[in-house]
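The values are calculated or read from the model by the stated rules, or taken from the named source; none is laboratory data. Keep in mind that what you see is a predicted model, and the values were worked out from it rather than measured. All Cβ positions, even for glycine, are placed from backbone atoms using ideal geometry, and neighbour counts span all protein chains on display.
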Amino acid sequence: MQLFRRHRDDVVRLVHRMLGPSADLEDMVQEVFLQVHRSVAAFRGSARFSTWLYRVTVNVVLMYRRTARSRPKFALETEAPTLVDGTPLPDELVVRDARVRAFYHLLERLSEKKRTVFVLHEIEGLAPSEIAQLVGAPVLTVRTRLFYARREVQQFLADEPDLANLSYEVEERLSAQISRRSI
């Protein structure tokens, strides 16, 4: 129970970032912790527990995505914005919601391997070496997938009207990263 309370928010965040808005979010979180309970005895302690938990979470999400492909999709799931004092204006929320949906649509166009690496690095902030442990691939493979994922995302941004202005921001960020590496 302590594991659940301590790590639930991290698992929810990662599942949401990998799946996007989904009605199955809570089911996925429960499945992750079921898997943790079943296999915690196999945890060897050679890596941090959080790294192992990320790996379990990624594996559960990937299994879900594989089985979800075979299920029919009946409607686009959306999250209705909720107003709380001090939140942006409703029209800003609508624009933000459209951008979020467009971004998740864009991520859906990436292959599973590229999407996983992209989300773990660019959104979760994990280092390529940590991602390599999570996905069970060499660091060079992770870096290669990340390179191609970034390139595809940049190409896809031009195709998404709600994200068109982000293309310039991404290009600037990538250029800055490349110039820092060459120094």
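Examine segment 94-105 for a residue that is modelled with pLDDT under 90 and of a type in the set (Ser, Thr, Tyr), and state whether such a residue exists. Scanning segment 94-105, I find at least one residue that is modelled with pLDDT under 90 and of a type in the set (Ser, Thr, Tyr), so the answer is yes. When you scan segment 36-45, do you find a residue that is assigned to a helix (DSSP H, G or I), modelled with pLDDT of 85 or more and crowded, with 16+ Cβ neighbours inside 10 Å, even just one? Among the residues of segment 36-45, at least one is assigned to a helix (DSSP H, G or I), modelled with pLDDT of 85 or more and crowded, with 16+ Cβ neighbours inside 10 Å, which makes the answer yes. Please work out if Arg143 is assigned to a helix (DSSP H, G or I), of a type in the set (Lys, Arg) and at pLDDT below 90. No.
Just to verify a result, which residue in segment 1-18, among those that are hydrophobic (A, V, I, L, M, F, W, C) and in contact (Cβ under 8 Å) with a residue 60 or more places away in the chain, is nearest to Leu110 (Cα to Cα)? It comes out as Met18. Screening the candidates Leu163, Leu89 for the property of being farther than 27 Å from Arg8 by Cα, buried (at least 17 other Cβ atoms within 10 Å of the Cβ) and at pLDDT below 85 yields one hit, Leu163.
Screening Leu83 against (1) in a loop (DSSP other than H, G, I, E, B); (2) closer than 23 Å to Arg8 by Cβ; (3) touching a helix residue (DSSP H, G or I) at 6+ places or on another chain (Cβ under 9 Å); (4) modelled with pLDDT under 85 leaves a single unmet condition, (2). The set of residues in segment 21-35 being assigned to a loop (DSSP other than H, G, I, E, B) and crowded, with 17+ Cβ neighbours inside 10 Å consists of Ser22 alone.
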